[in-house]
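Read-outs: derived from the displayed coordinates by stated rules, not from any lab. The shown structure was predicted, so the numbers you read here are calculated from the model rather than taken from an experiment. All Cβ positions, glycine included, derive from the backbone under ideal geometry; neighbour counts span all protein chains shown.
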Amino acid sequence: MAKGRPVVGIIMGSQSDWPTMRNAAETLEQLGIAHETRIVSAHRTPDRLVDYAKTARERGLKVIVAGAGGAAHLPGMVASMTPVPVFGVPIRSKALSGLDSLLSIVQMPGGVPVGTLAIGRSGAINAALLAAAVVANGDDAAARALDEYRAQQTAGVGETPLDED
Ligand code: RP5
């Protein structure tokens, strides 16, 4: 686990979101960025939601990554109660494959922004990378880690396709 006071909070509406949201945690871990992970449900644990959002800044969080599925009001509710930037990750739902989650998160009325990522694993990874980029504005080690991540990604792309069997 990356050491130090968490600067990124990863929250999710349910334990069932963890297989997706762990991709955000693993990405931050790879970058050495201190983070915390919590289950905070907007409708099942509303008091926990209020407490988490209202204390986020004073606890040192610079960014919150919030994953939720279905009627996914968690990212917007958190954003309504903290000045800390919130990135929302739509979880792929069983009923509508995450389209419900995506539209719930992305369609915030003007005034309270939530930066919305893609549905599922890609969204979780990219939310973590965006969170890292925010942190990197004031943290040289995080900036170097992000540069290294991109360099490795580039180095991993071959010029010609290979047969996989
Ligand atoms: C949302 O409801 C959660 O974010 C989750 O994606 C969805 C389903 O939750 P469970 O019924 O699996 O706990 O609040």
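See the values below:
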quantity: Qualifying lysines (Cα of each under 20 Å from Cα of LYS3; at least 8 residues distant if same chain); calculated: LYS62
quantity: Net lengthening on full extension, MET1/GLN30 (0.36 nm per residue, minus Cα-Cα); calculated: 9.5 nm
quantity: Kyte-Doolittle at least -1.0, axis length at least 15 Å by Cα - qualifying DSSP helices, the chain; calculated: 18-31, 121-136, 140-155
quantity: Enclosed volume per residue, in Å³, of the convex hull spanned by Cα atoms of the stretch 57-148; calculated: 92
quantity: Pairwise centroid distance, computed over Cα atoms, of the stretch 104-165 with the stretch 49-72, Å; calculated: 19
quantity: Point-to-point label distance, THR154-SER16, nm (Cα→Cβ direction, 7 Å offset); calculated: 4.2
quantity: Residues whose placed amide H lies under 5 Å from that of ALA34, excluding near-sequence neighbours; calculated: VAL7
quantity: Cα-Cα P(r), the chain, percent of pairs per 10 Å interval; calculated: 11, 40, 32, 13, 3, 0
quantity: Charge dipole magnitude, Cβ of K and R +1, D and E -1 - the chain, Cα centre, debye nearest 20; calculated: 780
quantity: For the stretch 8-137: relative contact order, % (alpha-carbon pairs under 8 angstrom, 6 or more apart); calculated: 27
